[in-house]
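Here's the structure, in structure tokens; my notes come after.
The values are calculated or read from the model by the stated rules, or taken from the named source; none is laboratory data. Just so we're clear, the structure is a prediction, and the values are computed from it rather than from any experiment. Every residue, glycine among them, receives a Cβ derived from its backbone with ideal geometry; neighbour counts consider all protein chains shown.
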Amino acid sequence: MTTTQTDAAPALPTIGVVGPGLMGLGICHAAALAGLRAVLVGRSEEAARGGLERWRSELTQRVARGRLDAVAATQLHALATAADDDSALAGCALVVEAVSEDREVKQAVLRRIEAAVARGAVIATNTSGLPVSGLAASLAHPDRFIGLHFFSPVDRMPLVEVVVGRETSAATTEAALAWVRRLGKQPVVVRDSPGFFTSRVFAAYLDEAAAMVGEGVAPERIEAAAAAAGMPLGPLAMLDETGLALNWQQARQARADGLSERFCRPLAWPVLDRMVSELGRRGRRDGGGFYDYPGAQFKNLWPGLAQAFALRADQPEPEHVQHRLMHAQALAAAACLEEGIVASAQDADLASVLGLGFPKAQGGVLAQVERQGLARFVAECDALADRCGERFRPSTWLRERHALR
């Protein structure tokens, strides 16, 4: 086994990362920022080294733009190494799997990790929605396994969703929380379920927008309603950033896993499937999705949308579009609180602001409900249910609440 070393610094705690993609490289960056060593393993040493070279090139560009000190960049370079096989993970106290959102691929990688690491190491998955307990079924020691859901870009996003599986031990949870804090991140503990907390809330926002595209609502109107509500990025632009193909794959995987229909993205699926499978619009990193990207700092709505999804003559009023986007998120968050996926409204608000970019001025996804009044929120949701469908109908639990905290 050969490892690419760039300095002879004293031994430091080492985090292993398997998967040299966007998230894997981001986790390596976060480890280096925290003064920890990171060893990156890919399909081959060439793949891992190539990933690190892309990361180092990005650091060089930051230096050139005056956003990073050259000495600091050199120090970060020295803390990340590439390895040619799994044996490099033997000395790691924490190993994070960060490969594609495919159950079989992840389980195969996790088995490799378990065979390589020391008995006391924590094994984590960076999945954004696959149930941790299901992934753990491939491991001989599922008590050592936990979900650590980082957010992109990892070096700037402060939240890590810590997903506790059915067999995750208390010791593993405590160790994982300590690692997250050592990385300088804010952990929020959630119970294992499809989509956890953040992905369920995020999907509610994205899927409502995709459904409106399919209904013929003008994309400009959807994006403007989100901006008026204080969201940092419109849902269609966000679908492009996260990847239409990734969202499509997540929905397809949920169906393959036999999950309940509500976890299979039924609202968004017709539009996602047409965009990805028929039109080849896979997202920003694959050339474009709902938007075209003529320059690094510019984007324009794809002209082909008008032909793919004919606009309706009677466009809905802006307030209605905004309510669909914002109330869908709040209902998803309230359902997670009702089901015990998240422990408190405070945790829900923290996760929504730090992980999803929910408007900080609103206080969080459930704080906004409290501010406008629960009775008014329930009435508005009933009106949406009458007009758009029963997904907006508040639960009995929510109707009987006088407050959410």
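Candidates are the residues of the range 348-370 that are without any contact (Cβ under 8 Å) to a residue 40 or more places away in the chain, buried (at least 20 other Cβ atoms within 10 Å of the Cβ) and of a type outside the set (A, V, I, L, M); the one that is farthest from Gly195 (Cα to Cα) is Gly364.
Looking at Ser133, Ser128, Ser100, just one residue is within 24 Å of Leu246 (Cα to Cα) and in contact with a His (Cβ under 7 Å, 6 or more places away or on another chain), and that residue is Ser128.
Identify, please: which residue in the range 284-319 is small (Gly, Ala, Ser) and part of a loop (DSSP other than H, G, I, E, B) and is, among those, surrounded by the most Cβ atoms within 10 Å (Cβ to Cβ)? Among residues in the range 284-319 that are small (Gly, Ala, Ser) and part of a loop (DSSP other than H, G, I, E, B), the one surrounded by the most Cβ atoms within 10 Å (Cβ to Cβ) is Gly289.
Of all residues being among the basic types (Lys, Arg) and over 17 Å from Glu101 (Cβ atoms) in the range 220-269, which is nearest to the chain's Cα centre (by Cα)? Just the residue, please. Filtering the range 220-269 for residues that are among the basic types (Lys, Arg) and over 17 Å from Glu101 (Cβ atoms), the one nearest to the chain's Cα centre (by Cα) comes out as Arg262.
Looking only at residues in the range 53-83 that are in contact with a Gly (Cβ under 9 Å, 6 or more places away or on another chain) and under 15 Å from Gly42 (Cβ atoms), the one that is surrounded by the most Cβ atoms within 10 Å (Cβ to Cβ) is Ala82.
In the range 256-269, of all residues being without any contact (Cβ under 8 Å) to a residue 12 or more places away in the chain and charged (D, E, K, R), the one that is surrounded by the fewest Cβ atoms within 10 Å (Cβ to Cβ) corresponds to Glu261.
Count of the range 270-280 residues, restricted to those that are under 21 Å from the mean Cα position of the chain (by Cα) and surrounded by fewer than 20 Cβ atoms within 10 Å (Cβ to Cβ), is 1.
Please verify whether Ala345 is hydrophobic (A, V, I, L, M, F, W, C), surrounded by fewer than 24 Cβ atoms within 10 Å (Cβ to Cβ) and within 19 Å of Leu233 (Cβ to Cβ), treating the condition exactly as stated. The answer is no for Ala345.
Examine the range 84-107 for a residue that is acidic (Asp, Glu), in a loop (DSSP other than H, G, I, E, B) and over 29 Å from Arg252 (Cα atoms), and state whether such a residue exists. Within the range 84-107, one or more residues are acidic (Asp, Glu), in a loop (DSSP other than H, G, I, E, B) and over 29 Å from Arg252 (Cα atoms). Looking at the structure I just gave you, is Val95 over 21 Å from Phe197 (Cα atoms), crowded, with 17+ Cβ neighbours inside 10 Å and either in contact with a Lys or Arg (Cβ under 9 Å, 6 or more places away or on another chain) or outside the structural domain of Leu354 (by TED's automatic domain parsing) (or both)? Against the criterion (over 21 Å from Phe197 (Cα atoms), crowded, with 17+ Cβ neighbours inside 10 Å and either in contact with a Lys or Arg (Cβ under 9 Å, 6 or more places away or on another chain) or outside the structural domain of Leu354 (by TED's automatic domain parsing) (or both)), Val95 qualifies. Within this structure, Glu208 fails the test of being free of Cβ contacts under 8 Å to residues at least 40 places away in the same chain and in a helix (DSSP H, G or I). When residues in the range 222-236 are screened for being of a type in the set (Gly, Ala, Ser) and either outside any helix (DSSP H, G or I) or buried (at least 20 other Cβ atoms within 10 Å of the Cβ) (or both), 5 of them pass. In the range 152-163, what count of residues is obtained for those that are crowded, with 22+ Cβ neighbours inside 10 Å and either modelled with pLDDT under 95 or not in a strand (DSSP E or B) (or both)? Residues that pass the stated criteria total 1.
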